[in-house]
Amino acid sequence: MDNRQTVFMESAKTPEVRESTSFIIEPINSLLACDIGVALPDATQAGYTILGKNSDRPIFDSQCLEFHPRQKFEAGEMLHLEYVSIPQVEGIYTTLGSRPYWCWGYEEGGSE
């Protein structure tokens, strides 16, 4: 938890802050759930795919949206990790996903 979130959560315990932020906090508390919704192109007027995500995280716990394009690698190329190197795959697909700012890896995502 970063300092801004800690300060907010601690200050939200005081009656004055609870009263002044109740219009924000109460709806959030009543909607604590993790849900994903998608509308495919045939269901939207403009023919777009629309993805929506609701998360039950604290107010300052943002979700990053990341895009990684398709990549090809040379035969024999190695992928260097922290303690070991492994053979790189021939190629990886394009991905789009979301994750908490403090987390490695997607919580939700998709590939081509």
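Each reported figure results from applying straightforward, stated rules to the coordinates on display, with no laboratory input. Treat the numbers as computed from the prediction; the structure is a model and nothing was measured. Please note: Cβ atoms are built from the backbone with ideal geometry, for glycine as well, and neighbour counts cover all protein chains shown.
Some notes on this structure:
- Computed about the Cα centre, the dipole magnitude for region 62-112 is approximately 80 debye when only Lys and Arg (+1) and Asp and Glu (-1) carry charge, each at its Cβ.
- Cβ-based net charge around Pro87, under 14 Å, with every Lys or Arg adding one and every Asp or Glu removing one: -3
- Dipole-positive endmost among Tyr106, Ile50, Phe67 within region 50-112 (Cβ charges, Cα centre): Ile50
- Cα gyration tensor shape of region 62-112, rounded if a/c is under 1.5, else prolate or oblate by comparing a/b with b/c: oblate
- Segments 100-111, 68-79 sorted - mean Cβ within 10 Å per residue, highest first: 100-111, 68-79
- Taking other residues whose beta carbon is less than 14 angstrom from the beta carbon of Asp35, and scoring Lys, Arg as +1 and Asp, Glu as -1, yields -1.
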